[in-house]
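Note sheet for the following structure.
The values are calculated or read from the model by the stated rules, or taken from the named source; none is laboratory data. Please read these numbers as outputs of a predicted model, since none were measured by experiment. Note that each Cβ is placed from the backbone with ideal geometry, even for glycine, and that neighbours are counted across all protein chains shown. Quick note on the areas: whole protein, heavy atoms, side chains included, nothing else; ligands and nucleic acids left out. Shrake-Rupley method; radii C 1.70, N 1.55, O 1.52, S 1.80 Å.
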Amino acid sequence: MKKLAFLTLMGLSLSMSATSLAATTDSTAPFPDVDSTHPFEEGIEYLKNDGVISGYPDGYYKPANEINRAEFTKIIVGALTDAPQGSNCFPDVKEDWYAKYVCEAKTRGIISGYPDGTFKPDQPIEFSESSKIIANAFGVTGDTDVPDPNSPDWFQPYVAGLGEEGAIPLSVEFFDENITRDEMAEMIYRLKAEKTDEASRTYKEIDGADGLDSDPFVPAKSCADLQNRFESMYELQNYGYGYSTGVIMEGDAVMAPAPTSGQAEEESGAADSSKSSEPGLGGGGSADYSTTNIQVEGVDEADVIKNDGKYIYIIKSNTVRVVEAYPAENMKELVTFTLGEEGESFYPTEMYVDGNQMTVIGSVSRSYEPVIEDSATTTSAEKLAYYPYYYVNRTKVFVVDMTDRTKPKVTRSVEFDGSYNTSRKVGSTLYIIMNEYPNYYYPLYYTETGAVYPDIAPDTFVPNMMDSAEGSERLVVPCNEILIMPKPESFNYIVAAAVPLSDTTKKVSSEVLVGDAQNVYASKTGLYVASTDWSTGIYRPYGDYGTAVYRFLLGDGTIDFDGRGKVPGTILNQFSMDEYNDSFRIATTKNEFVEGSQINNNLYVLDTANMDIEGKLENIAPGEKIYSTRFLGDRGYMVTFKRVDPLFVLDLSDPKNPKLEGKLKVPGYSTYLHPYDENHLIGFGNEVDESEQNPEMTSDDFIYYTAI
């Protein structure tokens, strides 16, 4: 990983150099190293034209450089007056070139220096410090009172005020980070030019960056706010990385909003199931049959094959098949059918069967051609500067009446923008988790004045859905109910939905967060979505990231977001998580990237009321990693591996004080643990035979293994 990090940084350095070189040929750029692809180019150009900044003697601006307190104050004062005055206003500010700017700022009450009386002009300036200076300079105040200047959060009103004015660029991630020259210019530009419509961080958002805040989310202001935020993040992350459409010209291409789809077909060529009278189509099955392996009793999981003792239900390719399997001597296929509207390619992925009802989950895709406003001046090259279409991946759910197994009938269909992650069924409610990755924030092409984005309606930018019970397309949730996660480094929505199955007229309940879903665990009352948390920031040391856990409350036909927690390290799969009584348990492996440190494994217990860590057991089997985990009541079982398989038994009876109760070492390792009864586990994995090691291999860690 150290090599990977090094290579990544090298790639960034080379790309930045290429961008700077290209910028020297752009005669319209404000500086040779700030061209139209720079996300803050407009602000830098504005301040240059206004005489506030002039760059270095070599003509460059050096936007990514950190700025010291003297330079920062000079630019702030330059934005306010052309005639700064003063000298000798601090012990360390005498007759220096910046003295008149610093002293003018002190006279105006913009700065006051440190408690020891000094100004420290050569010291880099942190965002928290800069927020106070900028807010004072432009008369910005927040909703909160100024706290004690000696308190840890003395900067809160200044940051809050700047956030309310939309003046904090999305590149700012932490209160204590050093401000760069381009960020400083952007903040001053937004205030001076009254640019209040730009995507901006808020105090609460930055405050929740460490992931320790139990409720760090903020709602989006509008659909346009989300679109603006995603586009800004795209420009920030991809500046200097060489991402481009390859066409640098202005055309007349316009992207049209997605048309709403028509009402889904209510039937699948099926007759009314109430008229079924064929013998043997209901009941009469075997009392002994296998079912889908589930993690939690009472929480069903989807599968490609389901069995109810008499019938076997199979998903094969794009079809669903029903086989009468009992008694075995009369086995026969009753029906093969497909689902979807006419002309629609629906591909089933998984299903549930409960009595006479089948629920099928799969995917459909929509692609829409752009509308082109052709003109005599539109060249063929310009017509290639936009997407040939825009593509929408959707998850679709069909509720099917199987009272007559030979004539299935669709009673409801619901589809959502997004890719299917997983689902659970509790009682008569289907809970489904999806990831929606909107592609619309990509620039179509670049011009000399910057990136040109698709001309689409803002509500096309957020997840949409269509329910046959409603008959028309709509947003999954209103834009101002979409929750923004601090520092999202991916452009993704988590879409969580509860689909009532017994009452097909009942409204679908939904939640949308900015984030991404990876692993999911569900109990009868709570659903937990776990994903790698990058909120420690792009520029923080590797290894600081952890796992974010989003908790949803499950009700009869409802799902509601209930809070977020965070633990160090990353998880293996859904079996790394468990809810028991009022606690949530999670096992993680943390890769250390600091010199001299090593990989370690941990167990954390969170209070479900607020998702805060209430107990932990860390540094289990250092140097190894987790291969399987299972929780059973007051006990937890963990398998780690490097050369042998240590099966650890964890005592979790006291959630605030988990303990290591015992361990067993055997060759190989288990990748899955299955409870046989309260005193026995079955492990499935790989067996290691150390005697078969290849003597030509020099690594001590190299071991042959075979599956068992």
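Highest mean first, how do 76-87, 575-586, 502-513 rank when packing is the count of other Cβ atoms within 10 Å averaged over residues? Please report the intermediate quantities before stating the final value.
Numbers: 76-87: 15.6, 575-586: 20.4, 502-513: 17.9.
Ranked from most to least packed, the peptides come out as 575-586, 502-513, 76-87.
Summarise the accessible area of the range 596-691 (1.4 Å probe, protein heavy atoms) by the percent that is carbon and sulfur.
48 percent
Quantify, in whole percent, the carbon and sulfur part of the accessible surface of the range 74-143 (1.4 Å probe; protein heavy atoms only).
On the way: 1500 of 3330 Å².
Here it works out to 45 percent.
With θ taken as phi - 60° and the coefficients 6.51, -1.76 and 1.60, list the Karplus ³J(HN,Hα) couplings across the range 655-662 in order, rounded to whole Hz; mark glycine and proline as x.
After applying 6.51 cos²θ - 1.76 cosθ + 1.60, I find x, 7, 9, x, 10, 8, 8, x Hz.
Does the range 95-185 come out rounded, prolate or oblate by the C-alpha gyration tensor, with a ≥ b ≥ c the root eigenvalues, rounded set by a/c under 1.5 and, if not, prolate when a/b is larger than b/c and oblate if not?
prolate
How far is the Cα center of the range 312-362 from the Cα center of the range 511-535, in Å?
Value for the Cα centre distance between the two parts: 29 Å.
Modelled label-to-label distance, Asn591 and Lys221, 7 Å Cα→beta-carbon offset: nm?
With each label point 7 Å from Cα toward Cβ, the separation is 3.8 nm.
Below 14 angstrom from the Cβ of Tyr98, what's the summed charge of the other residues (Lys, Arg +1; Asp, Glu -1)? Write down the numbers at each step before the final one.
Values: positive: Arg69, Lys74, Lys94, Lys100, Lys106, Lys120; negative: Glu71, Asp92, Glu95, Asp96, Glu104, Asp122.
Computed value for this residue: 0.
Label Asp288 and Tyr676 with points 7 Å out from Cα along Cα→Cβ: what is the distance between them in nm?
1.9 nm
In the neighborhood of Asp607, defined by Cβ-to-Cβ distances under 9 Å, what is the net charge if each Lys or Arg adds +1 and each Asp or Glu adds -1?
-3
Find the centroid of the Cα atoms in the range 565-636 and in the range 52-110, then give the distance between the two in whole Å.
If you average the Cα positions of each part, the centres end up 50 Å apart.
Net charge around Ile75, counting only other residues with Cβ within less than 13 Å of its Cβ (Lys, Arg = +1; Asp, Glu = -1)? Each step should come with its number before you reach the end.
On the way: positive: Lys48, Arg69, Lys74, Arg181, Lys192; negative: Asp50, Glu71, Glu104, Asp182, Glu183, Glu186.
The answer is -1.
Based on the mean of other Cβ atoms within 10 Å per residue, sort peptides 96-102, 297-303, 35-41 so the most packed one is first.
Going by the mean number of other Cβ atoms within 10 Å, highest first, we get 35-41, 96-102, 297-303.
Take peptides 183-189, 426-432, 676-682, 332-338 and line them up by average Cβ neighbours within 10 Å, highest first, as a rough protection proxy.
So the order, starting with the most tightly packed, is 183-189, 426-432, 332-338, 676-682.
Subtract the Cα-Cα distance of Glu329 and Ser502 from 0.36 nm times their separation in residues, and report this length gain in nm to one decimal. Spell out each step's value before the answer.
Working: separation 173, 0.36 × 173 = 62.28 nm, distance 3.43 nm.
Roughly 58.8 nm would be gained on extension.
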